[in-house]
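The values are calculated or read from the model by the stated rules, or taken from the named source; none is laboratory data. Given the structure is predicted, the values throughout are model-derived calculations rather than measurements. Glycine also receives a Cβ, built like all others from the backbone with ideal geometry; neighbour counts cover every protein chain displayed.
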Amino acid sequence: MANDTKRRDFMGMALGGFTALGGLGALYAMKRTWDPLPSVKAAGFTTLDMTIYKENELAVEKWRGKPIFVLKQSKEMLDTENKNMSLLTGKTTEAMDKKRLIKVGDAYYMVCVGLCTHLGCIPGYTPEDKSFLCACHGGMYDDTGMVTKSPPPRGLDIPPFKIDGTKLVLGEEGPEYKKMLADGITMPV
């Protein structure tokens, strides 16, 4: 009889242990179904190494399923921007307004969501003219993402960013981006 009791106790503990393991497995499976997918988590932030981009060569990255245009400004592009701002404002070239460009290290970059602000088409870049053309309705943007020919109502939107050394973290709002929002240079994306 003592052996039967020991055997029954062992069987009860074994069954309890297997039940507990099964319950833990079920809880883990439920938690995994509630967690966002890794692709969704990764889509929130994108880190760009700004040292790899070449002057006047459009690179298209991806952030939250949207195309992101990255265009490193050449000296010629910055000089043209200087001349345009001097003509518009009457200020000297030292007072150049680079408000739509992002400075990382010593270089300036145009970083914009690559969707036309008119109807959401993807504009094409022409390196010779240093401009973007939206073929759907003929809208044009310059190399800083500003509208040069209507119908787009505003320049290309700038995604939220934070500068981290020579890297740009898209999806995080750094002080530079917050200043652009406050100054009305871009709209929240």
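What is the residue count in the range 136-158 for residues that are exposed (fewer than 14 other Cβ atoms within 10 Å of the Cβ) and on the phi > 0 side of the Ramachandran plot? Qualifying residue count, the range 136-158: 1. Answer with yes or no whether residue 169 is farther than 14 Å from residue 118 by Cβ, of a type in the set (A, V, I, L, M, F, W, C) and either at pLDDT 95 or above or over 14 Å from the mean Cα position of the chain (by Cα) (or both). In short, yes.
Matching residues to (1) assigned by TED's automatic domain parsing to the domain that holds residue 52; (2) in a strand (DSSP E or B); (3) in contact (Cβ under 8 Å) with a residue 12 or more places away in the chain; (4) of a type outside the set (A, V, I, L, M, F, W, C):
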position: 115; (1), (2), (3), (4): yes, no, yes, no
position: 121; (1), (2), (3), (4): yes, no, yes, no
position: 128; (1), (2), (3), (4): yes, no, no, yes
position: 148; (1), (2), (3), (4): yes, yes, yes, yes
position: 158; (1), (2), (3), (4): yes, no, yes, no
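With the structure loaded, tell me whether residue 133 is modelled with pLDDT of 95 or more, in a loop (DSSP other than H, G, I, E, B) and assigned by TED's automatic domain parsing to the domain that holds residue 104 or whether it fails that test. Taking the combined requirement at face value, the residue does not satisfy it.
Scanning the range 160-189 for residues that are of a type in the set (A, V, I, L, M) and assigned to a strand (DSSP E or B) yields 163, 168, 169, 170. Number of residues in the range 145-170 that are over 26 Å from residue 133 (Cα atoms) and small (Gly, Ala, Ser): the value is 1.
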